[in-house]
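I have a structure I would like to understand better, so I am pasting it below and will then ask my questions one at a time.
The values are calculated or read from the model by the stated rules, or taken from the named source; none is laboratory data. For clarity, every value in this text was computed on a predicted model and none was experimentally measured. Note that each Cβ is placed from the backbone with ideal geometry, even for glycine, and that neighbours are counted across all protein chains shown.
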Amino acid sequence: MHFVLRRVRDRFIGWLPSRIDRRVRVAAWLSLVFQVVLIGTGGAVRLTASGLGCPTWPQCTEGSFVNTPEMGIHGFIEFGNRLLTFVLAAVTIAAFLSVFRFRRQRRDLFRLTLLQGLSIPFQAVLGGITVLTGLNPFVVGAHFAVSIALVGVTTMLVWRV
């Protein structure tokens, strides 16, 4: 069994890029695009007063992670913003894996993608605190500030690849 797992691992690592190529660049650009899109949907949440469209966290309503039609457009806007986080997480994992094989040669890229990946759960919790505090302006501001900082980190990644 151990031999089989080692072969699967070696095969997977062999599939990963060993240098900066198109896959690495695409993953970096996609992570930047989705960071910006997520900020845009966050802006839509704020501008449409949908911040409490899902009044609980991490669930959208008591007993359900998804919104219901009775919640109206605000529930859909807030829930859409939450769902986009999972798309960003998948893209960020792809960016991390794309630089994993040459992490010793390009520690800067490895650290930038690691920081991106670790920031997503942090931002999700901060978004939850935003909801649980009833959209406290200081928490909302911190949530936005961290998002902007992450765009900076992701921009550095794109610049370096």
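Within the stretch 107-131, track down each residue that is surrounded by fewer than 21 Cβ atoms within 10 Å (Cβ to Cβ) and over 19 Å from Gly51 (Cα atoms).
Arg107, Asp108, Phe110, Arg111, Leu114, Leu115, Gly117, Leu118, Ser119, listed by residue number.
With the condition kept exactly as written, say whether any residue in the stretch 124-140 is over 16 Å from Trp57 (Cβ atoms) and assigned to a helix (DSSP H, G or I).
For the stretch 124-140, residues over 16 Å from Trp57 (Cβ atoms) and assigned to a helix (DSSP H, G or I): present.
Another question, if that's okay. Does the stretch 95-117 hold any residues that are under 18 Å from Val151 (Cβ atoms) and either assigned to a loop (DSSP other than H, G, I, E, B) or in contact (Cβ under 8 Å) with a residue 12 or more places away in the chain (or both), and which are they?
Those that are under 18 Å from Val151 (Cβ atoms) and either assigned to a loop (DSSP other than H, G, I, E, B) or in contact (Cβ under 8 Å) with a residue 12 or more places away in the chain (or both): Ala95, Phe96, Asp108, Leu109, Leu112, Thr113, Leu114, Leu115, Gln116, Gly117.
Here is a follow-up. From the list Thr41, Thr68, which one is farther than 24 Å from Ile13 by Cα and either modelled with pLDDT of 95 or more or among the basic types (Lys, Arg) (or both)?
Of Thr41, Thr68, the one residue that is farther than 24 Å from Ile13 by Cα and either modelled with pLDDT of 95 or more or among the basic types (Lys, Arg) (or both) is Thr41.
Only residues that are in contact with a helix residue (DSSP H, G or I) (Cβ under 7 Å, 6 or more places away or on another chain), assigned to a helix (DSSP H, G or I) and not β-branched (Val, Ile, Thr): list them for the stretch 18-61, please.
Arg23, Ala27, Ala28, Trp29, Leu30, Ser31, Leu32, Phe34, Gln35, Leu38, Gly42, Ala44 - these are the residues of the stretch 18-61 that are in contact with a helix residue (DSSP H, G or I) (Cβ under 7 Å, 6 or more places away or on another chain), assigned to a helix (DSSP H, G or I) and not β-branched (Val, Ile, Thr).
Could you check how many residues of the stretch 62-92 are in contact (Cβ under 8 Å) with a residue 12 or more places away in the chain and assigned to a strand (DSSP E or B)?
Summing the residues that are in contact (Cβ under 8 Å) with a residue 12 or more places away in the chain and assigned to a strand (DSSP E or B) in the stretch 62-92 gives 0.
Condition (residue is within 16 Å of the chain's Cα centre (by Cα) and surrounded by 15 or more Cβ atoms within 10 Å (Cβ to Cβ)) applied to the stretch 61-68: is it met by at least one residue?
no
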